[in-house]
1. For a Förster distance of 30 Å, can you work out the FRET efficiency between the beta-carbons of Val4 and Asp73, rounded to the nearest 0.05?
2. Using packing as a proxy for protection, rank 17-26, 88-97 so that the peptide with the highest average count of other Cβ atoms within 10 Å comes first.
3. Grab the eigenvalues of the alpha-carbon gyration tensor for the chain, scale each by 5, take roots, and send me the semi-axes largest first in whole angstrom.
4. Could you tell me how many degrees, from 0 to 90 and to the nearest 10, lie between the Cα long axis of helix 52-64 and the main elongation axis, the longest principal axis, of the Cα atoms of the chain?
5. Ranked from the most accessible area to the least, with a 1.4 Å probe and all protein chains present, what is the order of Asp51, Asp44?
6. If you roll a 1.4 Å probe over the chain with all protein chains in place, what percent of the accessible area is carbon or sulfur?
7. Could you check the spin-label model distance between Thr103 and Phe21? Points 7 Å from the Cα along Cα→Cβ, value in nm.
8. Could you pull the accessible area for Glu74 with a 1.4 Å probe, rounded to 10 Å²?
Amino acid sequence: MFSVTVRDHMMIAHSFRGEVFGPAQRLHGATFLVDATFRREQLDDDNIVVDIGLATRELGAVVAELNYRNLDDEPGFAGTNTSTEFLAKVVADRLADRVHRGTLGEGAKGLAGITVTLHESHVAWASYERGL
């Protein structure tokens, strides 16, 4: 399996519901490094996994939809604990939609999957992996 990873970052605010979250039940901020890894079994006709420029641009567009937002105020997240794991899935699903729409180029239609990793710090991160 071949893979290419591109990176961006985002800053969000949110709060959680539930005793398991302790002080994170209060409004707080998070800065995430966001890695998106694109995978495929065989390289395309140009011997690449995906166009890195297009992958970088589209990850940036997805991240921009969340960046500098209080996720508690976003209607699409109403009543949801926007954990790191949950947000990794949101980013992966939005990238997958862009692959299917063709915004990562025709060659991206041969991708097998995407993994998105959100790094909370140098010691903690969460990922979501999905097929295409």
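The values are calculated or read from the model by the stated rules, or taken from the named source; none is laboratory data. All values reported here derive from a predicted model rather than from experimental measurement. So basically every Cβ, Gly included, is an ideal-geometry build from the backbone, and we count neighbours across all protein chains shown. Surface areas here come from the heavy atoms of the whole protein model, side chains and all, with no ligands, DNA or RNA. Shrake-Rupley method; radii C 1.70, N 1.55, O 1.52, S 1.80 Å.
1. 0.30
2. Highest to lowest by the protection proxy: 88-97, 17-26.
3. Ellipsoid half-lengths, sorted descending, are 30, 14, 12 Å.
4. Long axis of 52-64 versus the principal axis of the chain: about 20 degrees.
5. Accessible-area ranking of Asp51, Asp44, largest first: Asp51, Asp44.
6. Ligands and nucleic acids excluded, carbon and sulfur give 51 percent.
7. Each label point is offset 7 Å from its Cα along the Cβ direction, giving 2.8 nm.
8. Answer for Glu74: close to 60 Å² accessible.
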